[in-house]
1. Tell me, in nm to one decimal, what length is gained between residue 597 and residue 100 on full extension, where the rule is 0.36 nm per residue of separation less the Cα-Cα distance?
2. Provide the FRET efficiency to the nearest 0.05 for the residue 604-residue 426 pair, computing r from the beta carbons and using R0 = 30 Å.
3. Normalized C-alpha radius of gyration of region 462-602, against 2.2 N^0.38 Å?
4. Rounded, prolate or oblate: which fits region 179-280 when a ≥ b ≥ c are the square roots of the eigenvalues of the alpha-carbon gyration tensor, with rounded for a/c under 1.5 and prolate only if a/b beats b/c?
5. As I understand it, the value is the acute angle between the Cα axis of helix 125-141 and the longest principal axis of the Cα atoms of the chain; what does it come to in degrees, rounded to 10?
6. Based on the Cβ-Cβ distance from residue 300 to residue 70, what FRET efficiency comes out when R0 is 25 Å, to the nearest 0.05?
7. What angle do you read, to the nearest 10 degrees and between 0 and 90, between the alpha-carbon axis of helix 78-89 and the longest principal axis of the chain?
8. What distance in nm lies between label points placed 7 Å from Cα along the C-beta direction at residue 346 and residue 4?
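Please treat every number below as a calculation from the coordinates, not as lab data. These numbers come from a predicted model, not from an experiment. All Cβ positions, glycine included, derive from the backbone under ideal geometry; neighbour counts span all protein chains shown.
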Amino acid sequence: MAGNFIYSNREHKFIVKEWLDMEKVFNFDPFKDIYGMEDVDMILDQALKFTREVVAPTNIDGDRIGARFENGKVTTPPSFHRLFKMMQDNGYGASAFDPEEEGKLPQVLHFILEEFFSAGNLAFMPYIGLIGGSSNLIYTFGTEEDKKRFLPNMYAGKWGGTMCLTEPCCGSDVGDITTRAYPTEDPRVYKIKGTKCFITGGDHDLTENIIHLLLAKCEGAAPGTKGISLFIVPKIWVNEDGSLGEPNDVTTVAIEHKMGIKGSATAMLSFGENDNCRGILLGNPPDENGKAEGMAQMFVMMNGARQGTGLQALSVAQAAYYQSLQYAKERVQGKAITNPKGPRVRIIEHEDVRRMLMFQKSVLEACRAMLCKNSYYIDLARYSNDPAERKMAERRIEVNNPLIKAYPSDMAWITTAEAIQIHGGYGYTEEYPVAQAARDCKILSIWEGTNFIQSLDLLGRKWMLDGGKVFQEWLAEVEASIESNKELEGMEQEYRIMNRAMAAYKEIYAFIAGVFMKNIRIIPLYSTRILHATAMLWGGSLLLEQAAIAARRMKELGEGHFDYPFYQGKVLSARFYIRNVVPEIFKTAEVVKDCDTSAIDIPEEAF
């Protein structure tokens, strides 16, 4: 049972073909002569088939064999090697990240495919994704020499990549890193000394080399994050002609023993134990004030990783939902409450099981709507010929980023718990895949900046961008979306709830704006709950948009059509989410305005 993979792409086809304006994207220069709407079904069907037949069968190996550290070397399951090669051979691997490669997919489609693959084997995908993030930093900030030296073999899947931020002494507080970079005779090459931990993909045997993108401080650098520089640090030194040289004094000390994603090697790395680790500086050295460029550069990779983390959360939670749905349809237990003397029934006929299924379905559809809408904005920001449209999209992405990382990864843990509950006692055993889903998904609220940090980013930075205009534009768009469905027949109550939710959210926004100068501790005390409220407001508005499309299609098709239940499900998902989840915003508004500080006031000894 644990290897049984169940997934559908019907929802994704709806998003691409009926909800988002993908005709606009397909008419952008990189795609107009290659892809069209007629290609969508084929692309999504082939990717899901590949996931089912090639990716998913390796998932059990990842969990049961896992990544292992023996005799100073990290090994991955043998099936991972075949999968890594097949991903590359089929255009799903590192080559997909080459920005100059012809035939690349729009971000929306690329993101959807990544969802499928992550659902098939969550532990494997970081080995691929990290090549994309690290190669993009070199492509964006490296010299032409750097690009020629590293990128061909990274895009070819011969070399892996990582980002090295965390140290034993500091995790989220990156400004306290102790890794140092010392100048050499070559102004771009530095000696690196330090230790990094929790490095995903930090060592493995899938590629012949690993290119670490590492944060360190040069001598005389400013304190905190301002003084951090970014370096290319290969595991094996790369000569100027791109050939491999000698080992670069990068040592794997250990890998973590984790509760989940066991096939993903999470390494502790030592750099420069023998004073022979070299790194190539990306960009410029610190200026006369000690200010460096590393954090701004690394945020490019971190923001992409945060979007990917939200997507991974969606994928594993969606797979758990499908497992619980199938189980509910097959498991016979108990009798219908309306017929206590009747025959035993399948548990999907029990009201509370249907509630748990609907909760999962609606929350995950809201998360997917947010993630795909943001991907659509990425396509506009990258490829639109209209500067105003590009700027608008960039401003939307700024606000969206903390939401699409934090909300899906918080909700994945909760929805997966419901999937386990539906399985009853069997869900608590390793015989069924929902147990692994729970173990795998929990890391995602911690990865790439804990979700509390995302909430501080939302309130402390995104609310304030451009004097508050960026967020006000975002909020106005959500409000306009709600208003556009004011006359939607059959959804009058949903419109009223969304309208009330918008008003409640504005109360939260105004209250925080008025109180934070009096007591700054109010911000971190309430920021996580406010981030959730923000995501619920946006998610509800997007599901209402989708329900409007689905309602029209139901009228066109009629009840006898085979696709009628899908559209009916879209309408009811929106109804459930807006009536059962969105009202949490009202509660949050009341709690925030009450401004209880008991969590701050309680003495430590009283906990």
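1. Extending this stretch completely gives an extra 173.6 nm.
2. The formula returns an efficiency of 0.10 here.
3. On the way: Rg = 17.9 Å, N = 141, 2.2 N^0.38 = 14.4 Å.
Here the Cα radius of gyration is 1.24 times the empirical estimate.
4. On the way: a/c = 2.23, a/b = 1.30, b/c = 1.71.
Taking the square roots of the gyration eigenvalues as a ≥ b ≥ c, region 179-280 is oblate.
5. The answer is roughly 60 degrees.
6. Details: r = 35 Å, r/R0 = 1.42.
E between residue 300 and residue 70, to the nearest 0.05, is 0.10.
7. 90
8. 1.2
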